[in-house]
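Beneath this line is the structure, given in structure tokens, with notes to follow.
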Amino acid sequence: MNEIILNAPKMFDLSGRVAFVTGAGSGIGQRIAIGLAQCGADVALLDCRSDDGLGQTLEYVVESGQKAISISADVTSSEAIAEAVKETEVKLGPLVLAVNAAGIANANPCEEMIEDQYQTLMDVNLKGVWISCQAEARAMIAHGKGGSIVNIASMSGVIVNRGLNQAHYNASKAGVIHMSKSMAMEWVDRGIRVNSISPGYTATPMNTRPEMLKQTKKFESQTPMKRMASVDEMVGPAVFLLSDAASFCTGVDLLVDGGFCCW
Ligand code: NAP
């Protein structure tokens, strides 16, 4: 056997690295941002929420001993996101990790949906990820240290959810998966890895509203593991893909769906 030179737990250590997380004021983005801090990263937290979601995330990150800044901005504005990345680098240092989790969901039968509903969702879910990746990669290319980007797609980019009329959402997520692979190839020789995570049904404000109660029971029964994911279960996959443990992974879409897409 060759000499063992790897320290496996260290491969997941994010100490000394600066991360940028969109959608950090709620749900999956919030929990991943806290998880990155617990693994040693300093984190810039971005969201457009008007409540105190970002403030709560900031408190958790600071409690875990890491530096954090919070930025209120909209991922559909390329100027605002470029400015946010600039502020991150000035206050925390060179950006090497990014998670793009900001997103919205809604439903309507295709034949009834007005163009505005389609366009607004596409602007946030697909163009917003493009804008975010562009700003993050520009910073990574400029400082030359490379980096790792994870985009939050969805299993809805791979399957069509039974009973949900959301062709625009499904298309936006299929777009995120393929755009991530395409960016991974564009930036492979700049030392930037780009991967996506495709969560299955996850218990977040997006789908635990009281009016969704009946729906969530259905989601649970349709999932082979017979439950929804907790947001905690998105942290490990994100840390893995961002960390040196995934140094040979790029252009991967990691399904985290309790087995949903097997059936
Ligand atoms: P969430 O709790 O609603 O979190 C999404 C966050 O993104 C919210 O704080 C939201 O703010 C923010 N956001 C929305 N539009 C934005 C914009 N234009 N600029 C900046 N921030 C914006 O939902 P989640 O379930 O954690 O979703 C996170 C990601 O996972 C989304 O991309 C979603 O599509 C994906 N996903 C979720 C599930 C699931 O079952 N929950 C499954 C698969 C994939 P507001 O609340 O003010 O809109």
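The values are calculated or read from the model by the stated rules, or taken from the named source; none is laboratory data. Since we're looking at a predicted model, the values are computed, not measured. Cβ coordinates were reconstructed from backbone atoms using ideal geometry, including for glycine residues, and neighbour counts include every protein chain displayed. Only protein heavy atoms, including side chains, enter the accessible area calculation; ligands, DNA and RNA are left aside. Shrake-Rupley method; radii C 1.70, N 1.55, O 1.52, S 1.80 Å.
Share of Cα-Cα pairs in the chain beyond 26 Å, in percent?
Here the long-distance tail beyond 26 Å is 38 percent of all Cα pairs in the chain.
Would you kindly state the longest site-free stretch of the chain, with sites defined as GluC sites (Glu not before Pro) in a DSSP loop (not H, G, I, E, B) surrounded by at most 15 other Cβ atoms within 10 Å?
The longest uninterrupted stretch comes out as 113-263.
Relative to a virtual label point 7 Å from the Cα of residue 178 in the Cα→beta-carbon direction, which members of the range 116-137 show backbone nitrogen distances below 15 Å?
126-127
Checking the cross-link filter: which aspartates and glutamates have an alpha carbon closer than 18 Å to that of residue 226, excluding same-chain neighbours under 8 positions apart?
257
Given the pairs 86/181; 127/173; 10/145, which are separated by over 22 angstrom at their Cα positions?
Violating the 22 Å limit, Cα to Cα: 86/181.
Once label points are set 7 Å from the Cα along Cα→Cβ at both residue 208 and residue 106, what is their separation, rounded to one decimal in nm?
Taking the two extended label points, one gets 2.3 nm.
Compute the accessible area per residue over the range 2-255, keeping the other protein chains in place, probe 1.4 Å, unit Å².
Spelled out: the 1.4 Å probe surface of the range 2-255, per residue, equals 47 Å².
So what does residue 154 come to for accessible area, using a 1.4 Å probe and Å² rounded to 10?
Per-residue accessible area (residue 154): approximately 10 Å².
Take the Cα atoms of the range 1-139, find their three principal axes, and give me the spread along each one in whole Å, biggest first.
Projected onto its principal axes, the Cα set of the range 1-139 covers 63, 38, 27 Å.
Rank these residues by their accessible area, most exposed first, probe 1.4 Å: 187, 130, 263.
The residues order as 263, 130, 187, largest area first.
For the chain, with all protein chains present and a 1.4 Å probe, just round the carbon and sulfur fraction of the accessible area to a whole percent.
Carbon-and-sulfur percentage of accessible area, whole number: 56.
Quick query: amide H of residue 71 versus all other amide H atoms, modeled in the peptide plane; which residues come in under 5 Å with a sequence gap of 5 or more or a different chain?
Here the answer is 45, 46, 47, since their amide H atoms fall under 5 Å of that of residue 71.
Could you work out how far helix 167-186 tilts from the main Cα principal axis of the chain, as a 0 to 90 degree angle to the nearest 10?
The angle comes out near 20 degrees.
Report, by chain and number, residues whose modeled amide H sits under 5 Å from the one on residue 96, excluding near sequence neighbours (fewer than 5 apart, same chain).
Here 18 satisfy the definition.
Which order do 169, 118, 60 take when ranked by solvent-accessible area (1.4 Å probe, heavy atoms of all protein chains), largest first?
Ranked list, largest accessible area first: 60, 118, 169.
Over the chain, with a Gaussian network built from C-alpha contacts below 10 Å, which listed residue (224, 94, 237) shows the highest mean-square fluctuation?
Result for the chain, Cα springs under 10 Å: 224 fluctuates most.
Points 7 angstrom from Cα along the Cβ direction at residue 82 and residue 222: gap in nanometres?
Modelled inter-label distance: 4.1 nm.
Compute the long axis of helix 53-63 from its Cα atoms, compare it with the longest principal axis of the Cα atoms of the chain, and write down the angle in degrees, 0 to 90, nearest 10.
Rounded to the nearest ten degrees, it is 30.
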